[in-house]
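The values are calculated or read from the model by the stated rules, or taken from the named source; none is laboratory data. Everything numeric here is computed off the predicted structure, so don't read it as measured data. Quick reminder, even Gly has a Cβ in these numbers, built from the backbone with ideal geometry, and neighbours come from all protein chains shown. Only protein heavy atoms, including side chains, enter the accessible area calculation; ligands, DNA and RNA are left aside. Shrake-Rupley method; radii C 1.70, N 1.55, O 1.52, S 1.80 Å.
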Amino acid sequence: KAGVTQTPRYLIKTRGQQVTLSCSPISGHRSVSWYQQTPGQGLQFLFEYFSETQRNKGNFPGRFSGRQFSNSRSEMNVSTLELGDSALYLCASSLGLAGITDTQYFGPGTRLTVL
Amino acid sequence: AQSVTQPDIHITVSEGASLELRCNYSYGATPYLFWYVQSPGQGLQLLLKYFSGDTLVQGIKGFEAEFKRSQSSFNLRKPSVHWSDAAEYFCAVVPLQTGANNLFFGTGTRLTVIP
């Protein structure tokens with residue numbers, strides 16, 4: 001079974017631009033979560049989507065948004081990029097059983113550099 | 001405050017030596033516990049997890065972890081380290097009864113293996 005895939009793997013943008021990252025979960029998984037990893041803040045939860053609905057959200061500004069499609073693929077968008085948005089963005093998928101914690105499997109990440 | 005602590009930022013061991021990476025958590029109730037490993041430029045790979053039951057958990061790549069409720073710890077161990085184990089290791093939790101499935105990570109421990 002194929003793992004979680006993320007595209008693109010690398011991105012370079014300039015301040016003020018916007019960016020869209022894509023994540024395809026493991027087949028059969030219905031939940032997709034996004035995390036930001038930076039040297040200063042470590043790994044931080046952005047949001048989780050299940051059945052095209054945002055189920056949970058971390059403490060990030062509204063410039064960070066996401067969505068999920070009917071095939072469970074997810075995108076996250078960052079508008080008005082700032083230098084501090086440079087990070088590795090990781091996507092994780094899980095079965096998404098309601099009310100039950102199940103294991104998250106991570107993709108390789110998208111490395112975003114903001115100049 | 002609720003937290004996950006990995007007190008060792010960097011550990012160096014010789015190949016063939018034993019390894020123990022420490023993880024402590026501070027939550028009202030025992031959370032679900034995970035260890036992930038991240039190789040340079042890669043995403044996170046699940047090593048093992050603890051939800052309940054036997055407090056000694058076996059994982060992949062010869063790793064094991066022991067849950068100790070009295071010490072609020074979930075330390076990762078390996079009896080004999082291989083050069084390929086060099087990576088960053090993250091302890092993570094999902095707090096119980098929050099209705100959420102997002103992971104809270106420790107700051108990570110970087111493992112260097114010397115020949």
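Could you report the buried accessible area between A and B, both sides summed, computed with a 1.4 Å probe and given in Å² to the nearest 100?
On the way: alone 6160 and 6310 Å², together 10920 Å².
So the buried area, both faces added, is about 1600 Å².
Evaluate E = 1/(1 + (r/R0)^6) for A:R67 and B:A29, where r is the Cβ-Cβ distance and R0 equals 25 Å; express this FRET efficiency to the nearest 0.05. Each step should come with its number before you reach the end.
Numbers: r = 33 Å, r/R0 = 1.32.
Approximately 0.15, to the nearest 0.05.
Taking 30 Å as R0, compute the FRET efficiency from the Cβ-Cβ separation of B:S80 and B:Q45 and round it to 0.05.
Numbers: r = 20 Å, r/R0 = 0.65.
The computed FRET efficiency comes out at 0.95.
Quick one: 3J(HN,Hα) in Hz for the stretch B:68-85, Karplus 6.51/-1.76/1.60 with θ = phi - 60°, rounded, Gly and Pro as x.
So the J values, rounded to whole Hz, are 10, 4, 5, 9, 6, 10, 8, 7, 9, 9, 8, x, 8, 7, 10, 4, 6, 7.
Treating the beta-carbon of each Lys and Arg as +1 and of each Asp and Glu as -1, no other charges, what is the dipole magnitude of chain B about its Cα centre, to the nearest 20 debye? Working shown, then result.
Working: 8 positive and 8 negative charges, 36 e Å.
Taking the Cα centre of chain B as origin, the dipole is about 180 debye.
Under a plain spin-label model, where a point goes 7 Å from the Cα along Cα-to-Cβ, how far apart in nm are B:T5 and B:D54?
3.0 nm
At a cut-off of 10 Å², which residues of the stretch B:32-79 become less accessible once all protein chains are present than in their chain alone, using a 1.4 Å probe?
B:Y32, B:F34, B:Y36, B:Q38, B:G41, B:Q42, B:G43, B:L44, B:L46, B:K49, B:F51
For the protein assembly as shown, what is the per residue volume of the convex hull drawn over the alpha-carbon atoms, in cubic angstrom?
Working: hull volume 29.7 nm³, N = 230.
Dividing the Cα hull volume of the protein assembly as shown by its residues yields 129 Å³.
Ignoring ligands, DNA and RNA, how do A:L112, B:L46, A:L83 rank by accessible area with a 1.4 Å probe, largest first? Write down the numbers at each step before the final one.
Details: A:L112 0, B:L46 35, A:L83 95 Å².
Sorted by accessible area, descending: A:L83, B:L46, A:L112.
Towards the positive end of the charge dipole of the protein assembly as shown, with charges on Cβ (+1 Lys, Arg; -1 Asp, Glu), say which of B:G59, A:S27, B:A86 has the farthest Cα.
Projecting each Cα onto the dipole axis, the largest value belongs to A:S27.
Could you order A:H29, B:H10, B:H82 by accessible surface area, starting with the largest, using a probe radius of 1.4 Å? Provide the component values of the computation, followed by the final result.
Numbers: A:H29 20, B:H10 105, B:H82 75 Å².
Final ranking, largest accessible area leading: B:H10, B:H82, A:H29.
Starting from the amide H of A:F47, placed 1.01 Å from N in the peptide plane, find each other amide H under 5 Å away whose residue is 5 or more places distant or on another chain.
Residues meeting the criterion, in which the H sits 1.01 Å from N, are A:W34, A:G58.
Quick one: accessible area per residue over chain A, 1.4 Å probe, rounded to a whole number of Å²? Don't skip to the answer; put the middle values down first.
Details: 5370 Å² over 115 residues.
Normalised by residue count, the accessible surface of chain A is 47 Å².
Only Lys, Arg, Asp and Glu count, each charged at its Cβ (+1, +1, -1, -1), so figure out the dipole size of the stretch B:49-111 about its Cα centre, rounded to 20 debye.
Values: 7 positive and 5 negative charges, 12 e Å.
Here the stretch B:49-111 has a charge dipole of around 60 debye.
Longest exposed-loop-site-free stretch of chain A, with trypsin sites (Lys or Arg not before Pro), DSSP loop and at most 13 other Cβ within 10 Å? Before the final figure, lay out each step's value.
Numbers: sites that count: A:K1, A:R9, A:R15, A:R63.
Segment A:64-115 is the longest.
Once you have the alpha carbon radius of gyration of the stretch B:47-115, what is it after dividing by 2.2 N^0.38 Å, with N set to its residue count?
On the way: Rg = 13.5 Å, N = 69, 2.2 N^0.38 = 11.0 Å.
Cα Rg divided by the expected 2.2 N^0.38 Å: 1.23.
Which whole number gives the average count of other chain Cβ atoms within 10 Å of the Cβ atoms across peptide B:102-109?
Working: counts 15, 9, 4, 6, 2, 3, 3, 0.
Mean number of neighbouring Cβ atoms from other chains: 5.
Mind telling me which of B:L48, B:L96, B:L21 comes out most flexible in a GNM of chain B, alpha-carbon contacts under 10 Å?
B:L96
Given chain A reduced to its alpha-carbon atoms as identical point scatterers, what log10 I(q)/I(0) does the Debye formula return at q = 0.13, 0.16 Å⁻¹?
-0.44, -0.67
Residue by residue through the stretch A:50-57, which ³J(HN,Hα) values in whole Hz follow from phi under the Karplus form 6.51 cos²θ - 1.76 cosθ + 1.60 (θ = phi - 60°), with glycine and proline marked x?
Result, rounded to whole Hz: 9, 6, 6, 10, 6, 9, 7, 9.
Using the Cα centre as the reference, give the magnitude of the dipole from point charges on the C-beta atoms of the protein assembly as shown (Lys, Arg: +1; Asp, Glu: -1; all else neutral), rounded to the nearest 20 debye. Numbers along the way, then the final one.
Details: 19 positive and 14 negative charges, 85 e Å.
Approximately 400 debye in magnitude.
First measure r as the distance between the Cβ atoms of A:E52 and A:Y10, then evaluate 1/(1 + (r/R0)^6) with R0 = 30 Å and state the FRET efficiency to the nearest 0.05. Before the final figure, lay out each step's value.
On the way: r = 28 Å, r/R0 = 0.93.
Step by step, r from the Cβ atoms, then E = 0.60.
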